[in-house]
Amino acid sequence: MPSWRTHIDPERGKSPVIRAAEYVRMSTDHQKYSTENQADAIRHYAAARGIEIIKTYADEGKSGLKIHGRDALKRLIEDVQAGTTDFTMVLVYDVSRWGRFQDADESAYYEYICRRAGISVEYCAEQFDNDGSPIATIVKGVKRAMAGEYSRELSAKVFAGQGRLIEKGFRQGGPAGFGLRRTLVDEHGTEKGLLKRGEQKSIQTDRVILTPGPGEEISIVREVYQAFVHEGRAEHQIADDLNARGIKTDLGRPWTRGTVHQLLINEKYVGDNVWNRQSFKLKQKRVRNDPGTWIRAPGVFRAIVERDIFEAARTIINARSFRLSDEQMLAELRGLYERRGLLSGLIIDESEALPSSSAYSSRFGSLLRAYSLVGFRPDRDYRYIEINRSLRRLHTTVLHEVLEGMRSMGSDVHENDASDQVTINGEFSLSVVIVRCDPTPTGLLRWKLRFDTSLSPDITVVVRMDQFNQVPLDYYLFPHLDLAGERLRLAEDNGLNLDAYRFENLDYFYEIAAPVRFAMAA
């Protein structure tokens, strides 16, 4: 931990006590920046100068690249701008804890907001006084640039490291897919076991590889390629046949044209490891990268499809768009846009008459470029709209299942159609909330939950969706008395304080909610 400045103005002890707030932030970059260590240094600094700390703003586990997601810093700025603060100073450990903004002017802007309101910002572990002098301004500007450059250098190092792991045949996030499994290996390459859906490695030196799945799934994958290449059957015909036979995808869902199409074009089935199709560096906008920048490692996994038949399938798919001119492809895309009202890679892949989304991306440079040429200009990926629509439809089904489960155990259920709130046995109210999964760029799963405080039900049943937002993953039962706020962020593992409310199914809830009959006392 860097030492803080020890020079104290002897006259300062005669001044009235200065009231201050402290701001602490920790991402995951180094233990020395734990919020406890920062707070200790700040409080030592304050005690030596007669400063009283009356409020703490803490962002734990938050990146300093931008203000988005840093709720504590947002509250600090909002309090300052609203004029509701009762302190005249903000104490921060060092410049990097204030932020590693890629634009140094952004860091200066938030400090200026405080200074304009008469609140100074002091960096306790820096070797300069933030007094507005030319020297302090120059040093602070350099420090801000260095803080941002640290993140850029770290991003480049992480990217290079991930690229080397790809070339060595290790998997970087994402599900295995139908017919494949994720297998955990140690640092010597010895297999340790299979990872189930949602499970992650816990030891830093362990790695994940793809291995063939059950024999029946491998047979189906090969059958799909055979039907497509040698029998000339279309993706939708193959999907209909699989569904008629009762075969489900790896997610337990029916097959569609799009899922069959993805199976036919994914290079992992011939043992190739491909990475960097998309990137999300430094929390900037997610972009689709040019195929020339993709990192490829051929033949690093055990193939379950022969390369000749895979290349034949890819040739057939590419030929669809090769036969069409740019004008014809755009005319088809424009027609789809007029019918559906929006576009996405999923919508394109599910349309039988159109080339694949990858064909549009390859022909026109990117999907966004193709969208703009037909007059569709999304400001974000619209896949989330389709997911939300699906979840709204699912809510009715889930609510019905919950109520039927309650009734099956003898509970009396009264539904309030106006509010979607349910009263059980005339004793407590119940509400069902479905939460979509938002995977992070690093493959971690997150769920952002917002409670409807206007309803204030006694029990909120939270249905947490799986990684692909297709089936429920698990359930949380939150009593109203234990809710600290209207928003909650869940990870895969949340500690006992939250996961104590977690259940694999609702059978236990149905049992404890059931009425119990007893004889009347005389």
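The values are calculated or read from the model by the stated rules, or taken from the named source; none is laboratory data. Computed from a predicted structure; not experimentally measured. A quick note on method: Cβ atoms are made from the backbone with ideal geometry, for glycine too, and the neighbour counts reach across all protein chains shown. The area values use the complete protein model at the heavy-atom level, side chains included, leaving out ligands, DNA and RNA. Shrake-Rupley method; radii C 1.70, N 1.55, O 1.52, S 1.80 Å.
Can you tell me how many residues in segment 46-84 are touching a residue at least 12 places away in the same chain (Cβ under 8 Å), among the hydrophobic types (A, V, I, L, M, F, W, C) and open to solvent by 50 Å² or more (accessible area, probe 1.4 Å)?
1
Taking the criterion of being free of Cβ contacts under 8 Å to residues at least 24 places away in the same chain and over 22 Å from D438 (Cβ atoms), the residues of segment 156-174 that qualify are A156, K157, A160, G161, R164. The single residue among R19, R43 that is open to solvent by 60 Å² or more (accessible area, probe 1.4 Å), under 17 Å from S120 (Cβ atoms) and modelled with pLDDT of 75 or more turns out to be R19. Taking H395, is it surrounded by 14 or more Cβ atoms within 10 Å (Cβ to Cβ), within 28 Å of L346 (Cβ to Cβ) and at pLDDT 80 or above? Criteria met by H395. You will find that of L324, L333, the residue that is modelled with pLDDT under 85, open to solvent by less than 70 Å² (accessible area, probe 1.4 Å) and not aromatic (F, W, Y) is L324 and no other. For the residues V185, V229, V208, the requirement of being surrounded by 13 or more Cβ atoms within 10 Å (Cβ to Cβ) and either hydroxyl-bearing (S, T, Y) or out of contact with any Lys or Arg (no Cβ under 9 Å at 6 or more places or on another chain) (or both) singles out V229. When segment 457-507 is filtered for residues that are among the aromatic types (F, W, Y) and at pLDDT 85 or above, the ones remaining, listed by number, are Y475, Y476, F478, Y501, F503. Counting only strands (runs of 3 or more DSSP E) wholly contained in segment 136-228, the ones carrying 1 or more residues that are at pLDDT 90 or above occupy 180-185, 207-212. For the criterion of being in contact with a Leu (Cβ under 9 Å, 6 or more places away or on another chain), over 19 Å from L368 (Cβ atoms), of a type in the set (A, V, I, L, M) and modelled with pLDDT of 75 or more, I317 passes.
Taking V221 as the residue in question, decide whether it is in contact with a helix residue (DSSP H, G or I) (Cβ under 8 Å, 6 or more places away or on another chain) and open to solvent by 30 Å² or more (accessible area, probe 1.4 Å). It is false that V221 is in contact with a helix residue (DSSP H, G or I) (Cβ under 8 Å, 6 or more places away or on another chain) and open to solvent by 30 Å² or more (accessible area, probe 1.4 Å). The set of residues from segment 85-107 being at pLDDT below 90 and open to solvent by 30 Å² or more (accessible area, probe 1.4 Å) comprises Q102, D103, A104, D105, E106.
Residues that are polar (S, T, N, Q), under 22 Å from L488 (Cβ atoms) and at pLDDT 85 or above were ranked within segment 402-453; the one that is nearest to the chain's Cα centre (by Cα) is S431.
Any residue at all in segment 41-49 that's part of a helix (DSSP H, G or I) and among the aromatic types (F, W, Y)? Looking for residues that are part of a helix (DSSP H, G or I) and among the aromatic types (F, W, Y), one finds at least one in segment 41-49, hence yes.
For every residue, the table says whether it meets (1) more than 20 Å from N289 (Cα to Cα); (2) β-branched (V, I, T); (3) open to solvent by less than 40 Å² (accessible area, probe 1.4 Å).
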site: R116; (1), (2), (3): yes, no, no
site: S133; (1), (2), (3): yes, no, yes
site: V139; (1), (2), (3): yes, yes, no
site: P175; (1), (2), (3): yes, no, no
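Please identify the pairs in which a residue from segment 395-410 that is touching a residue at least 40 places away in the same chain (Cβ under 8 Å) and closer than 11 Å to Y510 by Cβ has its Cβ atom under 7 Å from the Cβ atom of a residue that is β-branched (V, I, T) and open to solvent by less than 80 Å² (accessible area, probe 1.4 Å), counting only partners at least 6 apart or on another chain. Close Cβ pairs (under 7 Å, with a partner that is β-branched (V, I, T) and open to solvent by less than 80 Å² (accessible area, probe 1.4 Å)) amount to V402/V432; V402/V461; M406/V413; M406/I424. Scanning segment 120-142 for residues that are of a type in the set (G, A, S) and farther than 18 Å from V24 by Cα yields G132, S133, A136, G141.
With respect to the conditions (1) within 20 Å of R144 (Cβ to Cβ); (2) free of Cβ contacts under 8 Å to residues at least 12 places away in the same chain, V24 lacks only one, and its number is (2). Scanning segment 244-264 for residues that are hydrophobic (A, V, I, L, M, F, W, C) and open to solvent by 50 Å² or more (accessible area, probe 1.4 Å) turns up just one, A244.
Mind listing whichever residues of segment 503-515 are open to solvent by 80 Å² or more (accessible area, probe 1.4 Å) and either closer than 14 Å to V461 by Cβ or assigned to a loop (DSSP other than H, G, I, E, B) (or both)? Those that are open to solvent by 80 Å² or more (accessible area, probe 1.4 Å) and either closer than 14 Å to V461 by Cβ or assigned to a loop (DSSP other than H, G, I, E, B) (or both): E504, D507, Y508, I512.
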